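K.L.:
Shown below is the structure under consideration.
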């Protein structure tokens, strides 16, 4: 029973990643749109989009980390 | 005391990198500057130009002279560590200690360039901006840079490695259903896993190395006066 609850908690943690997925997709959409409007600035937009996506990804990574902690430390 | 596997894999990466650098150095010495570059020489020149352009864009020329070699070597180190999973070894970057060291070097560099740009008095003052009580928030923001940089690399690579091992187990249990050869040979693993290795090891490895160096140069560039 306890193990099942831990597995459920880890699964719930990873759910936080879905919002990050949607929003990172939004970053990509905006980057593509602005490169379409202004192809000259493609280099700058590309690096900014990657940095923005990477920073917003931190949230999902924390979710994953908490899930790992639950599985490997609580569950061991 | 039991040593972690990352100790050995880091040594392997370092030796591999040193051997690669010796080889490239020999190739570059033999290279005639007037002839057309090709092969590994072309690759190295393109790599150096790319990093040099990126660092110069985000910082100023004076800083870029010292920063570019470091960025180039750290990118090569992270990339080589990330693709170690292809050679059936554990990736060193899936150990938090390794990524924490890499992020700590970045943080020390950020503080160093911040102190150099502001001077001793301005640097101490920058910890108490905009008011004295904000020193707690400033310390927390510096710590969060360290944490997020190290955990991003660690989490991405570790999750890739765990997913790959889970997929291998699953494919192994599927191939056990095949009557004669399945019991000894993971036939589905050979067929399906290479595509996933391409994504989780190669693509993700290049991407994370690139993100790490982009963030490092951006954070350092932010501390410089006219940027």
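The values are calculated or read from the model by the stated rules, or taken from the named source; none is laboratory data. These numbers were taken from a predicted model, which means no experiment stands behind them. Here Cβ is always computed from backbone atoms with ideal geometry, including for glycine, and neighbour counts include all displayed protein chains.
K.L.:
Go through (1) surrounded by 11 or more Cβ atoms within 10 Å (Cβ to Cβ); (2) away from chain A (no Cβ under 11 Å) for residue B:131 and report which single condition fails.
P.N.:
Exception for residue B:131: condition (1).
K.L.:
Is it the case that the stretch B:208-227 has a residue that's surrounded by fewer than 16 Cβ atoms within 10 Å (Cβ to Cβ) and either within 19 Å of residue B:90 (Cα to Cα) or within 14 Å of chain A (Cβ to nearest Cβ) (or both)?
P.N.:
yes
K.L.:
Also, I was wondering about something else. Within the stretch B:51-67, can one find any residue that is surrounded by 15 or more Cβ atoms within 10 Å (Cβ to Cβ), under 30 Å from residue B:194 (Cα atoms), within 25 Å of the chain's Cα centre (by Cα) and within 14 Å of chain A (Cβ to nearest Cβ)?
P.N.:
yes
K.L.:
Can residue A:27 be described as under 16 Å from residue B:152 (Cβ atoms) and away from every other protein chain (no Cβ under 11 Å)?
P.N.:
Yes, satisfied.
K.L.:
Of the numbered conditions (1) closer than 30 Å to residue B:61 by Cα; (2) out of contact with any helix residue (DSSP H, G or I) (no Cβ under 8 Å at 6 or more places or on another chain); (3) within 14 Å of chain A (Cβ to nearest Cβ), residue B:103 satisfies every one except a single condition; which is it?
P.N.:
Unmet condition: (2).
K.L.:
Now for a different question. When only residues in the stretch B:145-164 that are more than 22 Å from residue B:195 (Cα to Cα) and facing chain A (nearest Cβ under 7 Å) count, which is surrounded by the most Cβ atoms within 10 Å (Cβ to Cβ)?
P.N.:
B:152
K.L.:
Residue check: is residue B:212 within 16 Å of residue B:158 (Cα to Cα), in a helix (DSSP H, G or I) and free of Cβ contacts under 8 Å to residues at least 24 places away in the same chain?
P.N.:
no
K.L.:
Separate question: Would you check if there is a residue in the stretch B:193-201 being touching a helix residue (DSSP H, G or I) at 6+ places or on another chain (Cβ under 9 Å), under 28 Å from residue B:54 (Cβ atoms), more than 11 Å from chain A (Cβ to nearest Cβ) and without any contact (Cβ under 8 Å) to a residue 40 or more places away in the chain?
P.N.:
Yes, because at least one residue in the stretch B:193-201 is touching a helix residue (DSSP H, G or I) at 6+ places or on another chain (Cβ under 9 Å), under 28 Å from residue B:54 (Cβ atoms), more than 11 Å from chain A (Cβ to nearest Cβ) and without any contact (Cβ under 8 Å) to a residue 40 or more places away in the chain.
K.L.:
Which pairs do you get when a residue that is more than 13 Å from residue A:32 (Cβ to Cβ) and more than 8 Å from chain B (Cβ to nearest Cβ), found in the stretch A:44-55, comes within reach of a residue that is in a helix (DSSP H, G or I) and at pLDDT 80 or above, reach meaning Cβ atoms under 7 angstrom, with the pair 6+ apart or on two chains?
P.N.:
Matching pairs, first to second residue: A:52/A:27.
K.L.:
Need pairs with beta-carbon distance below 6 Å; first residue farther than 16 Å from residue A:51 by Cβ and within the stretch B:136-149, second surrounded by 13 or more Cβ atoms within 10 Å (Cβ to Cβ) and modelled with pLDDT of 90 or more; sequence gap 6+ or separate chains.
P.N.:
Sorted first by the residue in the stretch B:136-149, then by its partner, the pairs are B:146/B:103; B:146/B:107.
K.L.:
Find the residue count for the stretch A:34-76, including only residues that are part of a helix (DSSP H, G or I) and either more than 21 Å from the chain's Cα centre (by Cα) or closer than 30 Å to residue A:4 by Cβ (or both).
P.N.:
Residues meeting the conditions: 28.
K.L.:
Any chance the stretch B:166-184 includes a residue that's within 13 Å of chain A (Cβ to nearest Cβ) and assigned to a helix (DSSP H, G or I)?
P.N.:
yes
K.L.:
Among (1) part of a helix (DSSP H, G or I); (2) in contact (Cβ under 8 Å) with a residue 24 or more places away in the chain; (3) more than 13 Å from the chain's Cα centre (by Cα); (4) surrounded by fewer than 20 Cβ atoms within 10 Å (Cβ to Cβ), where does residue B:113 come up short?
P.N.:
(4)
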